[in-house]
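Here's the structure, in structure tokens; my notes come after.
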Amino acid sequence: MSLSLTKPSGWAFGEVLTSAQMEALDTSQAQAIDGVGGGTYAPSATIVINGSGLQTNALTVTGDATFNGNLTFGNSPSDTITINATPTFVNPVTLDTSLRVNEVSNFYDDVTVHVGLQLYSLGDTTLGTDAANSFQVNATAEFNAPIVSNDTLDVVGDTTIGGTLTANNDVQLGTSSSDRLDILGSLATVLMYTGNARVPLRRNTTLPLSSDTLQASDGQVFRVNPSSAIGRTYTILTDDAVDGDWMLFYTGGSTSGTMAADVTIKSETAGQSAQFNTGDTLQYALFTYDNGSWWLVAGRF
């Protein structure tokens with residue numbers, strides 16, 4: 001109950017207080033909150049503050065606290081909120097700016113970070129509770145420190161790796177022969193092969209039966225059709241070639257290796273060429289790319 005007026009009708013000038021009125025005033029002031037000296041109070045009912053609300057410089061709640069309605073903590077970005085206990089949010093939490101986590105944090109439900117916002121985790125972070133949970137990143141993700149995967153790591157789309165990639169177990173790149181692996185930098189490795197222990201090369205058996213140009217991306221091994229009676233010249237371009245690339249041209253195979261016409265294979269810039277002459281058999285020419293040109297390094301023609 002709240003404190004009530006001792007005489008609701010008001011006091012007259014010079015009116016004498018009765019003992020009952022003085023007793024009521026004494027009881028009321030004893031039940032009032034001491035705004036100067038403070039104290040400990042045990043109200044029998046809830047204290048409700050309406051109107052303009054309550055402003056305090058410090059507030060300590062030793063038991064449960066329930067806040068109904070909108071809450072505003074602080075009045076500038078430099079203000080902080082410190083929660084020493086474990087908080088539980090039963091509904092979605094919306095953050096209009098960055099979230100910094102300095103200690104262990106567990107997220108057991110969906111976490112959405114919208115464009116323009118940052119999520120910082122400065123301590124250990126666990127996402128999900130078992131392998132059935134998923135972690136989906138729709139935007140570009142940037143990792144500035146090593147990533148350790150203790151289980152399978154599936155990459156479905158394009159992936160750019162700007163640093164070192166270390167795999168301590170089996171690695172599968174692609175799911176079909178149409179998938180492609182582009183390595184724009186140098187590759188240093190000691191290759192180990194299983195199965196037939198061979199390195200698959202790009203073999204081109206569909207050279208056109210007319211003069212044409214070729215480049216490094218067209219293949220490494222080229223079968224020249226010897227049975228065609230059309231004389232032709234293949235010019236090797238420097239496009240997309242790098243030092244160490246090579247091309248091998250050969251005749252024969254599943255059909256007769258006797259040339260039915262002259263075929264010339266030449267470098268675009270080095271002025272070197274190999275010619276498979278009419279009537280010759282079992283010929284080959286090996287070109288390698290070095291210092292801006294394709295060079296003829298070996299052959300039988």
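We did not get these values from a lab; they are worked out from the coordinates using the rules stated. Here the structure is a predicted model, which is why all the values come from computation and not from measurement. Here the Cβ is made from the backbone with ideal geometry for all residues, glycine too, and neighbour counts use every protein chain on show.
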Sorted by chain and then number, the residues having a modelled amide H within less than 5 Å of the amide H of GLN283, at least 5 places away or on another chain, are THR251
Formal net charge of residues neighbouring GLY162 (Cβ-Cβ distance under 15 Å; K, R +1; D, E -1): -3
Measure out, as a whole number of angstrom, how far apart the alpha-carbon centroids of region 121-151 and region 260-288 sit. 56 Å
Per-selection metrics, region 207-300 (Cα): Rg and Dmax in Å: 12.5, 37
Long-range amide H partners of THR269, meaning residues 5 or more apart or on another chain whose placed amide H is closer than 5 Å, are TRP294
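Which loop-located trypsin sites (Lys or Arg not before Pro) does region 198-301 contain, where loop means any DSSP state but H, G, I, E or B and the Cβ has at most 15 other Cβ atoms within 10 Å?
Numbers: sites: ARG198, ARG202, ARG203, ARG223, ARG232, LYS266, ARG300; in loops: ARG198, ARG202.
Hits after loop and neighbour filter: ARG198, ARG202.
Between rounded, prolate and oblate, where does region 1-96 land on the alpha carbon gyration tensor, with a ≥ b ≥ c its root eigenvalues, rounded for a/c under 1.5, else prolate if a/b exceeds b/c?
Values: a/c = 2.99, a/b = 2.73, b/c = 1.10.
Verdict is prolate for region 1-96.
Please order THR238, THR80 by the number of other Cβ within 10 Å, starting at the fewest. Can you show the working numbers first?
Values: THR238 17, THR80 7.
Exposure proxy ranking, most exposed first: THR80, THR238.
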Note, region 53-59: 3J(HN,Hα) by Karplus (6.51, -1.76, 1.60, θ = phi - 60°), whole Hz, Gly/Pro = x, goes x, 9, 10, 9, 7, 8, 9
